[in-house]
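Each remark here refers to the structure printed beneath this line.
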2 protein chains.
Amino acid sequence: MTYCVALCLKDGLVMLADTRTNAGVDNIATFSKMHLYAIPDERFMALMTSGNLAVSQAVVNLLHEGIDTGGRVENLYTANSMFRAAQLVGEAVRRVYVNDGPTLEAQSVKFEVSLLLGGQIKGRSMRLFQIYAAGNFIEATPDTPFLQIGETKYGKPILDRALAYDTDPRDGVKLVLVSMDSTLRSNLTVGMPIDLLVYHRDELRPAVTRRIGDDDPYFRMIRDSWSQALRDAYRAIPRAEWLG
Amino acid sequence: MTYCVALCLKDGLVMLADTRTNAGVDNIATFSKMHLYAIPDERFMALMTSGNLAVSQAVVNLLHEGIDTGGRVENLYTANSMFRAAQLVGEAVRRVYVNDGPTLEAQSVKFEVSLLLGGQIKGRSMRLFQIYAAGNFIEATPDTPFLQIGETKYGKPILDRALAYDTDPRDGVKLVLVSMDSTLRSNLTVGMPIDLLVYHRDELRPAVTRRIGDDDPYFRMIRDSWSQALRDAYRAIPRAEWLG
C-alpha cells in the first residue's frame, strides 16, 4: 500500500509520499515514490505513484525513455504544457497496460496504478493532476485543492476540515504531515521515511525537497503536539446538557 | 454502507449508529441499526448492525424469535452472560448463513454482516463484542476500548489519538460524534439521523438513548466547533524552520 497526498494551493504545491512497498505483510521494502523532473527556471514537475510496484516502475521508466507519439519521442521535459505532461503520463500507463495487462489478468493480478502529477512550465499555470489506471485523469481545483492516492481515507478528514485553497503552503506542510501521521498509525503497509516537496508558484524550481525519517525532530513534534491538540480541543467542547 | 462505533470505557458504554441503508446511490432509506434488549435492573444490551440489510434483519429477527440450542430456546433475555449473548448472536449469523448464504453466493452477492454487542447483566461485567460474518467474535479491552463496523476509516484517527479507557463517557459522546461527522462528510452512504446510546456501568438501564437529527443543536455545535478547533490547533503548531 501507499499514501501520497498533494495540495495545489494559491501560492504553491505541497506533495508528500510514503516509501513503503509490500507484497504481503512479510515482504516490505523502501522505494521512493516521488520522481522529480526539473529544468531550473524553465520547468518543474513531480510525479508520485501508487499501486503495483512493477507497473509504477514501468510507467516511470517509459516516461524516462520517452514515448513515441507518431515519429516524435516525447517526455516530461519536452511537453509544452502540464496538460500535455498529464496526457503523456496517461499514455505511458496505457502502454504498460497493453504490454503487461493481459498476463496480469491471466494470473488474477489487478492492474493497479494511480499517479499524482504536479508542476509548472515557464509562462504557464501551475497544475496538479491525478492519473488513473485507465490513463484518464482529473485536475485539482480551488474547490477541492487536494488529491490523494493509495490509502486515502484515514488522512482525509483533517484535509476536509482544515485545508483551503488560500492556505499558506507552510501550513499545508503541517496538514499533510498530520494527514500522513493519521495514515501511518492505522495502516502498517504505509511506512516511514516520507518524501516531502514544496514548490512556490512561478519559482520553477523546488523550494524544499526533504526526506523525513522517524528521527526527524519536526515530524516528531507534529506527531506529539497534534494528538495533544486534539485532546485539548475536544475537552474544550462543552458536554451535552442532556447527558446530565 | 453504515458506520457504527462503540466505546467500552471504565465508566460505561457509548454506542452510535447511523441510519442510512442503500442499494446503489439511487436507492437510499432510513433504518435503525441499533436494537435494545432491556430488563430494567436485570440486564441491558444494545446490538448494532452493518452489512447486507436483509441479512442484518434476519439475524435480529432470529434473535428475537430465539434460537433452539438442543431443545432449549435461547435469546438475549435468557443468556446468563454477555459471552453467551455474543455466542447467540454469532449462532444467529451462522444460521442465516446456512439458510441464505448459498443463494446469495449463486447470485454473486457477498454474505456481509458485522455486529457490535454491548451490555451488562446483573452481577456480571460490562462487555463489548464485535461479531463477524462467520459468527466468531472479538472483545474490546482497555488497550483498544473502541470497536467499529461499516465505513470505519474516516472516523478512526480521532479515536486513535484522543480516546482512552478512562475517558469520561460524556467526553466519549463528543468523540463518537466527531468520528461520525468525519465519516458523514466523506461517505454519502452513511447518513443522518444517528442513534446514540450511553450506558453507565452497573446501572442496568440506559442513561441516554437519543436520535440526533440534522437540526440537533448539540450536533451542529460539534460539527462547527470541531472544524474551527482543528484549524486553530494546526495554526498553533510552529512552521518548520527549514521551510524558510
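A single member of A:THR189, A:THR209 is modelled with pLDDT under 95 and among the polar types (S, T, N, Q), and it is A:THR189. Of the residues B:THR78, B:THR21, B:THR49, the single one that is of a type in the set (Ser, Thr, Tyr) and modelled with pLDDT under 95 is B:THR21. The sole residue among A:MET192, A:MET180 that is more than 10 Å from chain B (Cβ to nearest Cβ), in contact with a Gly (Cβ under 7 Å, 6 or more places away or on another chain) and not in a loop (DSSP other than H, G, I, E, B) is A:MET180. Against the conditions (1) under 21 Å from the mean Cα position of the chain (by Cα); (2) of a type in the set (Lys, Arg); (3) modelled with pLDDT of 95 or more, A:LYS122 satisfies every one except (1).
Of the residues B:TRP226, B:TRP242, which single one is within 9 Å of chain A (Cβ to nearest Cβ), surrounded by fewer than 17 Cβ atoms within 10 Å (Cβ to Cβ) and either assigned to a helix (DSSP H, G or I) or aromatic (Phe, Trp, Tyr) (or both)? Explain how you work it out, then say what you get.
Numbers: B:TRP226 fails: surrounded by fewer than 17 Cβ atoms within 10 Å (Cβ to Cβ).
Result: B:TRP242 is the single residue among B:TRP226, B:TRP242 that is within 9 Å of chain A (Cβ to nearest Cβ), surrounded by fewer than 17 Cβ atoms within 10 Å (Cβ to Cβ) and either assigned to a helix (DSSP H, G or I) or aromatic (Phe, Trp, Tyr) (or both).
Taking the stated definitions as given, is A:PHE44 in a loop (DSSP other than H, G, I, E, B) and surrounded by 16 or more Cβ atoms within 10 Å (Cβ to Cβ)? Taking the combined requirement at face value, the residue does not satisfy it.
Taken together, the residues in the range B:207-223 that are within 12 Å of another protein chain (Cβ to nearest Cβ), surrounded by fewer than 20 Cβ atoms within 10 Å (Cβ to Cβ) and assigned to a loop (DSSP other than H, G, I, E, B) amount to 1.
So which residues in the range B:112-128 are surrounded by fewer than 18 Cβ atoms within 10 Å (Cβ to Cβ) and either assigned to a helix (DSSP H, G or I) or not polar (S, T, N, Q) (or both), if there are any at all?
Residues satisfying the conditions are B:GLU112, B:LYS122, B:GLY123, B:ARG124.
Can we say A:ARG235 is within 17 Å of A:SER182 (Cα to Cα), over 24 Å from the mean Cα position of the chain (by Cα), of a type in the set (Lys, Arg) and modelled with pLDDT under 95? The answer is no for A:ARG235.
Go through the range B:130-162 residue by residue and tally those that are within 15 Å of B:GLN87 (Cα to Cα) and in a loop (DSSP other than H, G, I, E, B). Spell out how you get there, then give the answer.
Taking the range B:130-162 first, the residues within 15 Å of B:GLN87 (Cα to Cα) are B:130-139.
Narrowing further to those that are in a loop (DSSP other than H, G, I, E, B): B:132-136.
So the answer is 5.
When the range A:134-158 is limited to residues that are within 13 Å of chain B (Cβ to nearest Cβ) and surrounded by fewer than 21 Cβ atoms within 10 Å (Cβ to Cβ), the one that is farthest from A:GLY118 (Cα to Cα) turns out to be A:GLU151.
Based on this model, can you work out whether A:LEU36 counts as surrounded by 18 or more Cβ atoms within 10 Å (Cβ to Cβ) and either of a type outside the set (Phe, Trp, Tyr) or within 21 Å of the chain's Cα centre (by Cα) (or both)? Outline the logic, then answer.
Values: surrounded by 18 or more Cβ atoms within 10 Å (Cβ to Cβ): no; either of a type outside the set (Phe, Trp, Tyr) or within 21 Å of the chain's Cα centre (by Cα) (or both): yes.
Criteria not met by A:LEU36.
Scan the range B:24-63 residue by residue and report those that are small (Gly, Ala, Ser) and in contact (Cβ under 8 Å) with a residue 24 or more places away in the chain. Answer for the range B:24-63, where residues must be small (Gly, Ala, Ser) and in contact (Cβ under 8 Å) with a residue 24 or more places away in the chain: B:SER32, B:ALA38, B:ALA46, B:SER50, B:GLY51, B:ALA54, B:SER56, B:ALA58.
Checking the stated criteria, B:TYR165 turns out to be of a type in the set (Phe, Trp, Tyr) and either assigned to a strand (DSSP E or B) or touching a residue at least 12 places away in the same chain (Cβ under 8 Å) (or both). Condition check for B:VAL198 on (1) at the interface with chain A (Cβ under 8 Å from one of its Cβ atoms); (2) in a helix (DSSP H, G or I); (3) of a type in the set (Val, Ile, Thr): one failure, at (2).
Can we say B:THR209 is in contact with a strand residue (DSSP E or B) (Cβ under 9 Å, 6 or more places away or on another chain), within 21 Å of B:MET82 (Cα to Cα) and either basic (Lys, Arg) or touching a residue at least 12 places away in the same chain (Cβ under 8 Å) (or both)? Against the criterion (in contact with a strand residue (DSSP E or B) (Cβ under 9 Å, 6 or more places away or on another chain), within 21 Å of B:MET82 (Cα to Cα) and either basic (Lys, Arg) or touching a residue at least 12 places away in the same chain (Cβ under 8 Å) (or both)), B:THR209 qualifies. Listed conditions (1) of a type in the set (Gly, Ala, Ser); (2) closer than 30 Å to A:SER182 by Cβ; (3) crowded, with 22+ Cβ neighbours inside 10 Å; (4) touching a helix residue (DSSP H, G or I) at 6+ places or on another chain (Cβ under 9 Å) are all met by A:ALA54, apart from (3). In the range A:229-239, which residue that is in a loop (DSSP other than H, G, I, E, B) and within 12 Å of B:SER225 (Cα to Cα) is nearest to the other protein chains (Cβ to nearest Cβ)? The extreme case among them is A:ILE237.
For the range B:28-41, give me each residue that is part of a strand (DSSP E or B) and either β-branched (Val, Ile, Thr) or within 23 Å of B:PHE146 (Cβ to Cβ) (or both). Break it down stepwise before answering.
Taking the range B:28-41 and keeping what is part of a strand (DSSP E or B), we get B:28-30, B:34-39.
Of everything in the range B:28-41, those that are part of a strand (DSSP E or B) and either β-branched (Val, Ile, Thr) or within 23 Å of B:PHE146 (Cβ to Cβ) (or both) turn out to be B:ILE28, B:THR30, B:MET34, B:HIS35, B:LEU36, B:TYR37, B:ALA38, B:ILE39.
If the condition is being closer than 21 Å to B:ASP100 by Cα and part of a helix (DSSP H, G or I), then the range B:58-84 contributes B:ALA58, B:VAL59, B:VAL60, B:ASN61, B:LEU62, B:LEU63, B:HIS64, B:GLU65.
Test of understanding: among B:VAL25, B:VAL55, which residue is of a type in the set (A, V, I, L, M, F, W, C) and assigned to a loop (DSSP other than H, G, I, E, B)? Explain how you work it out, then say what you get.
On the way: B:VAL55 fails: assigned to a loop (DSSP other than H, G, I, E, B).
Sole residue among the options that is of a type in the set (A, V, I, L, M, F, W, C) and assigned to a loop (DSSP other than H, G, I, E, B): B:VAL25.
Out of the residues in the range A:160-177 that are under 14 Å from the mean Cα position of the chain (by Cα) and within 20 Å of B:LYS156 (Cα to Cα), state the one that is nearest to the other protein chains (Cβ to nearest Cβ). Even if it seems obvious, please write down each step before you answer.
To start, the set of residues in the range A:160-177 that are under 14 Å from the mean Cα position of the chain (by Cα) comprises A:172-173, A:175-177.
Applying the additional criterion that residues be within 20 Å of B:LYS156 (Cα to Cα) yields A:175-177.
Working: A:LEU175: 6, A:VAL176: 11, A:LEU177: 9 Å.
Among those that are under 14 Å from the mean Cα position of the chain (by Cα) and within 20 Å of B:LYS156 (Cα to Cα), it is A:LEU175.
The values are calculated or read from the model by the stated rules, or taken from the named source; none is laboratory data. Just so you know, these numbers come straight off a predicted model, no measurement behind them. Don't worry about glycine lacking a Cβ; one is built from the backbone with ideal geometry, like all the others, and counts go over all protein chains shown.
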